[in-house]
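One structure is given below, encoded as structure tokens.
Rule-based calculations on the coordinates, nothing more; no lab input. This structure is a prediction, so every number in the text was calculated from the model and none was measured. Because the Cβ atoms are built from the backbone with ideal geometry, glycine has one as well, and the counts that use them run over all protein chains shown.
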Amino acid sequence: MEKEVRVYTKTGDDGTTGLIGGARVKKYNIRLESYGTVDELNSHVGLIVAMDIDEKAKEVLKHIQCVLFTIGAQLATDDSVSEFKKQIPCKTEDIEMLEKEMDQMFEVLPKLNSFILPGGSIAAAHTQIARTVCRRAERRIIELSEQNEVNKNLVKFINRLSDYLFVLGRKISFDENVPETQWKSGV
């Protein structure tokens, strides 16, 4: 019989956490900020998947969640085990998939002639929240990359993902026939 894995280890009670590879770092370390924000983003994406949206979008989002989990593992891996990092890559195909999905949505969406305010339907508003968390994850990852080597495709994927989430939010509002609210200067 397999031993059950416990969620609690008590090893973090001293304010540190272990990385993949064994190094221990403070819980406020930029590496943890990076993968913690990616984890938060993944949770927001999961919330969108749980909503009543297009099934194809749900499948794409589930794939994105798997990529985000891989990205989290990359970021949580100590530089001392770089060979392990190579086994969990962020692929060019994942970036291209986001671009292809956006191109398909652009074919049906009205042209964007002004800034729009986050909102729309509940699901569309949640995609905009996920987009802002994605941008924060990107900032944390770039900060980490100034101190440690970070896979360039990982940065590209996160950058493209925030664009995808913006476009998806617009598409969800479009599908639900919810008008977008344009930003008005000086209001």
**OP:** Extending each Cα 7 Å along its Cβ direction at Arg136 and Lys27, get the distance between those two points in nm, one decimal.
**Re:** 1.7 nm
Subject >> Calculated log₁₀ intensity ratio I(q)/I(0) where the Debye formula runs over C-alpha points of region 144-187, q = 0.29 Å⁻¹ >> reply: -0.98
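Of the peptides 136-143, 55-62, how do they stack up when ordered by the mean number of other Cβ atoms within 10 Å, highest first?
The densest-packed peptide leads the list: 136-143, 55-62.
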Original post:
When N is the residue count of the chain, what does its C-alpha Rg come to as a fraction of 2.2 N^0.38 Å?
Top reply: 1.15
**OP:** Mind pulling the angle between the C-alpha long axis of helix 122-145 and the longest principal axis of the chain? Nearest 10 degrees, somewhere in 0 to 90.
**Re:** 40 degrees
Subject >> Efficiency of FRET between Lys56 and Lys184 - r from beta-carbon atoms, R0 35 angstrom, step 0.05 >> reply: 0.55
Original post:
Pairing the Cα long axis of helix 92-106 with the longest principal axis of the chain, what angle in degrees results, from 0 to 90 and rounded to the nearest 10?
Top reply: 20 degrees
